């Protein structure tokens with residue numbers, strides 16, 4: 001729950017900061033699409049690196065770390081869409 005709140009707060013702050021810039025309509029939408037796709041595409045490099053990392057001692061720990069990363073990415077994508085559709089950021 002704390003991770004969810006923190007992710008939503010960070011995405012909201014980033015979204016608000018991006019909207020304060022004096023960008024054209026085209027630039028704002030291009031930035032939105034880029035950030036959205038960055039969050040929707042699964043973090044495969046992260047998964048490969050997590051499974052090669054010796055600090056994570058067993059397969060269960062590696063799966064948990066990867067699961068958290070996936071959750072954060074998709075929470076971010078959902079929050080970006082919500083804000084773009086007129087939602088208010090939770091900062």
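Note on 40, 75: ascending count of other Cβ atoms within 10 Å places them as 40, 75, the fewest first. Here the residues 21, 28, ranked from fewest to most Cβ neighbours within 10 Å of their Cβ, fall in the order 21, 28.
Ordered by the number of other Cβ atoms lying within 10 Å of each residue's own Cβ, fewest first, 24, 76, 31 fall into the sequence 24, 31, 76. To the nearest 10 degrees, how steeply does helix 59-84 sit against the main Cα axis of the chain, on a 0 to 90 scale? The angle comes out at about 10 degrees.
Where only DSSP H runs of four or more residues are counted, the chain gives -26000 deg cm²/dmol as its mean residue ellipticity at 222 nm, each run worth -39500 (n - 2.57).
Relative contact order of the range 2-84: 51 percent, from C-alpha pairs under 8 Å at least 6 residues apart in sequence. One chain, two ends: residue 84 and residue 44. Fully extended at 0.36 nm per residue, the span grows by 11.8 nm beyond their Cα-Cα distance. Shown here: Rg/Rh (Cα atoms, Kirkwood Rh), derived from the displayed model; of the candidates (1) 1.07; (2) 1.15; (3) 1.32, it corresponds to (1).
Residue separation of residue 25 and residue 70 scaled by 0.36 nm, minus their Cα-Cα distance, works out to 13.2 nm of gained length.
Hey, with R₀ at 41 Å, roughly what FRET efficiency would residue 52 and residue 6 work out to, going by the Cβ-Cβ distance, to 0.05? Spell out each step's value before the answer.
Working: r = 27 Å, r/R0 = 0.66.
Plugging the Cβ-Cβ distance into 1/(1 + (r/R0)^6) gives 0.90.
Distance between the pseudo-spin-label points of residue 18 and residue 59 (7 Å out from Cα toward the beta carbon): 3.8 nm.
Each reported figure results from applying straightforward, stated rules to the coordinates on display, with no laboratory input. In this text, all values refer to a predicted model and were calculated from it rather than measured experimentally. Positions of Cβ are backbone-derived with ideal geometry, glycine not excepted, and every protein chain shown enters the neighbour counts.
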